[in-house]
Amino acid sequence: MDIQDIIKKIERFKQNYQSSSFDIIVKEVKDAEDLYGDLYIVAENNDGESNTELQADDLLLSIENPSKSDLTELRSIAAALKELV
């Protein structure tokens, strides 16, 4: 998936959850055999107090068995995409 596809996916996601706040996050996920570096967009609702509830998430990009530099790059991509959100 190229960056234009990711941006389109973010825009569609934002249209579906217009009343939510958004964030772009990086997660390290370990399954039985592999480690993944995953980049997600998340929609959250705030109840007006300090409680924030995850409403939805969508995987934007995943790297299998990422190196430290891969994770650093994912975090840089996340920071750049946050400016779009």
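The values are calculated or read from the model by the stated rules, or taken from the named source; none is laboratory data. Computed from a predicted model, the values in this text were never measured in an experiment. Cβ sites come from the backbone with ideal geometry, for glycine too, and all protein chains shown count toward neighbours. The area values use the complete protein model at the heavy-atom level, side chains included, leaving out ligands, DNA and RNA. Shrake-Rupley method; radii C 1.70, N 1.55, O 1.52, S 1.80 Å.
Values as computed for the structure displayed
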{"item": "Residue match in segment 49-71 (condition: without any contact (Cβ under 8 Å) to a residue 24 or more places away in the chain, of a type in the set (Asp, Glu) and not in a strand (DSSP E or B))", "result": "yes"}
{"item": "Members of segment 20-39 found to be touching a helix residue (DSSP H, G or I) at 6+ places or on another chain (Cβ under 9 Å) and among the aromatic types (Phe, Trp, Tyr), listed by number", "result": "22"}
{"item": "Residue in segment 4-19 that is in contact with a helix residue (DSSP H, G or I) (Cβ under 8 Å, 6 or more places away or on another chain), open to solvent by 70 Å² or more (accessible area, probe 1.4 Å) and on the phi < 0 side of the Ramachandran plot present", "result": "no"}
{"item": "All positions within segment 65-85 that are under 20 Å from residue 9 (Cβ atoms) and open to solvent by 90 Å² or more (accessible area, probe 1.4 Å)", "result": "73, 75, 82, 83"}
{"item": "Every residue from segment 3-46 that is touching a residue at least 60 places away in the same chain (Cβ under 8 Å) and either closer than 16 Å to residue 68 by Cα or not charged (D, E, K, R) (or both)", "result": "6, 7, 10, 22, 24"}
{"item": "Any hit, segment 43-58, residues being crowded, with 17+ Cβ neighbours inside 10 Å and at negative phi", "result": "yes"}
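Listed here are the residues, each with its yes/no results for (1) modelled with pLDDT under 90; (2) within 17 Å of residue 5 (Cα to Cα); (3) aliphatic (A, V, I, L, M).
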| position | (1), (2), (3) |
| --- | --- |
| 22 | no, no, no |
| 25 | no, no, yes |
| 33 | yes, no, no |
| 46 | yes, no, no |
| 51 | yes, no, no |
| 65 | no, no, no |
| 75 | no, no, no |
| 80 | no, yes, yes |
